[in-house]
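Report on the following structure.
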Amino acid sequence: MRRETGLILALDETDGEKAEKTAESVSDVVDAIKINWPLVLSAGPDMINRLSQISDVICDFKVADIPNTVRLIVEESVSRGASGIIVHAFAGGDSLREAVIAAGNAEVFAVTEMSHPGGTAFTAPHAEEMAELGVRCGAAGFIAPATRPDRIKAIRKIAGDLKILSPGVGSQGGSAYSAVSAGADYVIAGRAIYGSDDPRSAALSIGDEIKSLL
């Protein structure tokens, strides 16, 4: 995945046509497009194929299952053109290792801590342990919350040179500037971009905020 702007669009649209138009409008402004179940369930898994022709696609399926099921989900995502996939580390080392093997040349990003307030209840207390597990299992990087920059700093100490992607910028209250300053390589913004009347301008604005630090 390239790193030119440090911005990833979380495209949680449910209108497939609008999703593609939004992706095309920001394709030169974002480094990747992250999609989740809402878009895949509404528009079908072929959306991965279509968007992968526009930009690198990260499937944010937060996979958390037994190793065999993890393998199947990762293989199917990659076969459709996904450049990366997000998995939960709490499922354990066997599942995480299986994801890395199944991904091949695609990148696996392990969730260390969720960005919403509820993330402080169960994922946050074990975030460092999950980051350490991810390092051992060969993950390409981690998900750490832009809503709590101090937690990004904690994960960076463990991650070393591995990538950190930070969701929660914009509608959840996270700051791109604070996240990158704390050690994030990429920030993830969704509603602040695709929910805007002018998604491209919204993406450019966040990109400019990141650019001052890159």
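Throughout, read-outs are computed from the coordinates displayed, never taken from laboratory work. Everything numeric in this text was worked out from a predicted model, so none of it was measured. Positions of Cβ are generated from backbone atoms using ideal geometry, with glycine treated the same way; all protein chains shown enter the neighbour counts.
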Convert each backbone phi in segment 164-178 into a coupling constant with the Karplus relation 6.51 cos²θ - 1.76 cosθ + 1.60 (shift: θ = phi - 60°), then list the ³J(HN,Hα) values in order as whole Hz, x for Gly and Pro. 10, 10, 10, x, x, 7, x, 4, 7, x, x, 10, 4, 4, 5
Convert each backbone phi in segment 25-42 into a coupling constant with the Karplus relation 6.51 cos²θ - 1.76 cosθ + 1.60 (shift: θ = phi - 60°), then list the ³J(HN,Hα) values in order as whole Hz, x for Gly and Pro. 6, 10, 4, 9, 9, 10, 7, 6, 10, 9, 10, 10, 4, x, 6, 5, 6, 8
Whole-Hz Karplus ³J(HN,Hα) for segment 104-109, in order, using 6.51 cos²θ - 1.76 cosθ + 1.60 and θ = phi - 60°, x for Gly and Pro? x, 7, 7, 9, 9, 10
Simple spin-label estimate for residue 21 and residue 79 in nanometres, 7 Å along Cα-Cβ: 3.3
Length released on extending from residue 200 to residue 64, taking residue separation times 0.36 nm less the Cα-Cα span: 45.6 nm
Relative contact order of segment 7-211, pairs being alpha-carbon contacts under 8 Å that are 6 or more residues apart, as %: 19
Amide H contacts of residue 148 (H built 1.01 Å from N, under 5 Å, at least 5 apart or other chain): none
At R0 = 25 Å the Cβ-Cβ FRET efficiency linking residue 49 and residue 129, nearest 0.05, sits at 0.10
Taking the Cα centre of the chain as origin, work out the dipole magnitude from +1 charges on Lys and Arg Cβ and -1 charges on Asp and Glu Cβ, in debye rounded to 20. 440
So how far apart, in nm, are the two label points at residue 208 and residue 3 if each is 7 Å from Cα heading toward Cβ? 2.4
Lys and Arg at +1, Asp and Glu at -1: neighbours of residue 11 with Cβ under 14 Å from its Cβ sum to -3
For residue 32, enumerate residues with amide H under 5 Å from its amide H, sequence gap 5+ or separate chain, H modeled in the peptide plane. 9
Three-way shape label, the chain, alpha-carbon gyration tensor, a/c 1.5: oblate
222 nm mean residue ellipticity, helices alone, for the chain (DSSP H n ≥ 4; -39,500 (n - 2.57); rounded to 500): -13000 deg cm²/dmol
With at most 16 neighbouring Cβ atoms within 10 Å, loop trypsin sites (Lys or Arg not before Pro) (DSSP) excluded, longest segment of the chain: 4-214
